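All remarks here apply to the structure that follows.
Just so it is clear, none of the values below were taken in a lab; they were calculated from the coordinates. Keep in mind it's a predicted model, so treat the numbers as computed, not measured. Cβ coordinates were reconstructed from backbone atoms using ideal geometry, including for glycine residues, and neighbour counts include every protein chain displayed.
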Amino acid sequence: MISNQRLFFHSNATKSVDYRIKQLKTLQKTLQANEEVINKALFADFKKSDYETYTTELALVYGDIKEAIKKIRKWSKPKKVRTNLANFPAKSYILPEPLGVSLIIGAWNYPIQLTLAPMVAAMAAGCTVVLKPSEVASNTSGVLAQIIAHAFDENYIAVVEGDASITTALLEERFDKIFFTGSTHVGRIVYQAAAKNLTPVTLELGGKSPAIVTPSCSIEMTAKRLVWAKFLNAGQTCIAPDYVVVHKTVEKQLLEAVKKEIQKAHYSIENKNFVQIISKKHVERLLQLMAPSTVYFGGEYNKEERFIEPTLLVDVDFTDKVMQEEIFGPILPFIAYTHLNEVIHTIKQLEKPLSCYVFTNDKQEKEKILNELSFGGGAVNDALMHISNSNLPFGGVGNSGMGAYHGKAGFDAFSHFKSIIDKPTWMELSIKYSPYSMKKLGLIKRLLG
């Protein structure tokens, strides 16, 4: 399969911009024609409603497809750059080319979006794709395999299903690009495997993304946006606010406002605004993070139904168990602070998060946090929504990942940029040729110094 994809790539078919646009349109039509099947698969895996399937999965993929179709010709054009005096007369330009045969390993928490969005980027760049959906969301994985096999030749796009052993076998192969979305632990394994062949990688990982709330914030709007961002997909979102650090003077006020927002939302599968935890194993893991003495609100669960209600924790500090790993569920700890400098210092000691959210109406506080903390991306007075703007490259830093995608950044992730000097033959400066002399050296120093 991989060798056949390499042969197909070397045929240069995917280098045609017209071919790429045609295939992207095929993907768009295929998804639109199979929305009902996709809805059923996600409901089987998560009890996810059609509304959330569209807004959190399909809409973002459709957006990426439409943007790529519109802008791919511009992205693919050679980019002229200035030529320095030492190369006069000449033209200089940067020529994008597809990296080649790519491996994309998707994640289970948004199994359509986080599998197909990188594939759209690879198609736009002109790569072939071996797609490995997560086996954890097994129904969605099966549907993806079925509809993509029907729409595309496997020499261009092939879906490989299976467990971790299949992923391990794939990583033994030589690819020209590997794109992985998942845990930091597995990300390290992928990176090590890629290093054997010096394969470039994009790693979209995770981490404990903080929400920092200062006294100047708008309490009601902060609560509204925090609650939506945290409990969307039952907290199973890599960029969800993992914990809240709130100033002591507004802690109680914020807690009550968040509690009221949760109550107002009436989160439940029946109300089609909440989903199941992906597996009983993950339910057990999450329950271990909920010390009964810290539960301020919520805490109810049903193991058989894989349901945990939105839960707020208080009197938490950075040494507690819930703060030792990414939560990835509907549990939101609150940590009170007195001095902003102390908060920044403490967060700096942790691994760099994928996201950070700042809720403040104080310009100095905002700038201080944004300038002093390192994180992948984020928002001021909002959360999650930065992922919806394709003009903002999406990616992590340090333990939360490397590389970025969406929009032009996605095209770049699957491309190599060749630097070209294009010289005419009617003129040549002789100073670089032998015989050398002090006079020539003086001219070179004047040209290049």
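Pairs of Cα atoms nearer than 8 Å and 6+ residues apart set the relative contact order; for region 210-388 it is 30 percent.
Using Cα pairs closer than 8 Å and at least 6 residues apart in sequence, work out the relative contact order for region 363-403, in percent. The partial results should precede the final answer.
Numbers: 25 pairs, mean separation 13.0, N = 41.
Dividing the mean separation by the residue count of region 363-403 yields 32 percent.
For residue 440, the lysines whose Cα falls under 29 Å of its own Cα, not counting residues fewer than eight places away in the same chain, are 91, 423, 432. Our coupling estimate for region 229-240, obtained by passing each phi through the Karplus curve with A = 6.51, B = -1.76, C = 1.60 and θ = phi - 60°, is 5, 6, 9, 4, 6, 6, x, 8, 9, 5, 10, 5 Hz, Gly and Pro reported as x. Mean-square fluctuations from a GNM of the chain, with a 10 angstrom spring cutoff on Cα atoms, peak among 239, 104, 335 at 335. Taking the Cα centroid of region 165-195 and of region 265-327, what is the distance between the two, rounded to the nearest whole Å? Here the two parts' Cα centres lie 30 Å apart.
Could you tell me whether the chain comes out rounded, prolate or oblate from its Cα gyration tensor? Rule is a ≥ b ≥ c as square roots of the eigenvalues, rounded for a/c under 1.5, then prolate if a/b exceeds b/c, otherwise oblate. Judged from the Cα gyration tensor, the chain comes out oblate (a/c at least 1.5, b/c at or above a/b).
Helical runs (DSSP H, four residues minimum) scored at -39500 (n - 2.57) apiece and divided by the length of the chain put the mean residue ellipticity at 222 nm at -12500 deg cm²/dmol.
By the gyration tensor of its Cα atoms, with a ≥ b ≥ c the square roots of the eigenvalues, what is the shape of region 310-395: rounded for a/c under 1.5, prolate for a/b over b/c, or oblate?
On the way: a/c = 1.65, a/b = 1.22, b/c = 1.35.
Oblate, since a/c reaches 1.5 and b/c is not below a/b.
In the elastic network of the chain, a GNM with C-alpha springs shorter than 10 Å, the most mobile of 89, 435, 241 is 435.
The GluC sites (Glu not before Pro) of region 163-254 that meet both conditions, a loop assignment by DSSP and at most 13 other Cβ atoms within 10 Å of the site Cβ, are 172. Mean sequence separation of contacting Cα pairs (under 8 Å, at least six apart), scaled by the length of the chain, corresponds to a relative contact order of 18 percent. Would you please classify the overall shape of region 210-388 from the alpha carbon gyration tensor, given that a ≥ b ≥ c denote the square roots of the eigenvalues, rounded means a/c under 1.5, and beyond that prolate means a/b larger than b/c while oblate covers the rest? Cα axes put region 210-388 in the prolate bin.
Partners of residue 74 within straight-line reach, counting aspartates and glutamates whose Cα lies under 16 Å from its Cα and excluding those fewer than 8 residues away in the same chain: 18, 64, 97, 412. For the residues 294, 55, 425, a GNM of the chain with alpha-carbon springs under 10 Å puts the largest fluctuation on 425.
Taking the Cα centre of the chain as origin and assigning +1 to Lys and Arg Cβ atoms and -1 to Asp and Glu Cβ atoms, the resulting dipole is close to 2620 debye.
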